[in-house]
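Notes follow once the structure below has been shown.
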Amino acid sequence: MKTLKIYEWIAGNMSDFARPFQNNETLAMQAKNFWRSLENFSIVSVFVFIIVAAVIAVLYYKPFNNSPGRHYHPKYWFLFWAISIIVTFIITLGLEYAFCKPVLSGAFLLETKIALGNAIYTALLYLVISIIWCNFLPTNAYRIFKK
């Protein structure tokens, strides 16, 4: 499944990436092959941001807030939110680097942009999960998004 289109707003498209290599046919083909390998890998990136956001939100709303101590402050929500963003960025970048080796100039920057886009998607999903949890599910957490 090719889901790289959801990162176009931050990473551009294949023609943007291959444009600097248009004068060298070999490098242009390598750029297109690299893009295709990223496209094939992009479903993993989507799973990463969904899983990380969900797991860290559950950790925040369940074990962390049910443990002894007063965790009813917005700073803890922001801490877990920041952790989810950082973890997603690192995992995405690491997996992309491992499975799609950046051999061309600009390839690592492209992978970094996709990892950054993934981190932003994680931030948004964590926010949505928090809104739902604060309004509809039981929790000891500070209900930062309670209507």
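Please treat every number below as a calculation from the coordinates, not as lab data. Source: prediction; values computed, not measured. Neighbour counts are summed over all protein chains in view; Cβ atoms, including those assigned to glycine, are modelled from backbone coordinates with ideal geometry.
A few comments on the model shown:
- Separation in nanometres of the label points that stand 7 Å from Cα toward Cβ, at Lys113 and Val128: 2.4 nm
- Virtual spin-label span in nm between Asn66 and Ala98, 7 Å along Cα→Cβ: 3.1 nm
- For the chain, the Kirkwood estimate of the hydrodynamic radius, built from every pair of different alpha carbons, is 16.7 Å.
- Between Phe136, Leu93, Leu110, the Cα set farthest toward the positive side of the dipole of segment 4-136 (charges on each charged residue's Cβ, about the Cα centre) is that of Phe136.
- Mean sequence separation of contacting Cα pairs (under 8 Å, at least six apart), scaled by the length of segment 1-53, corresponds to a relative contact order of 51 percent.
- In a reduced charge model with +1 at each Lys and Arg Cβ and -1 at each Asp and Glu Cβ, the chain shows a dipole moment near 600 debye about its Cα centre.
- Length-normalised contact order of the chain in % [C-alpha pairs under 8 Å, at least 6 apart]: 30 percent
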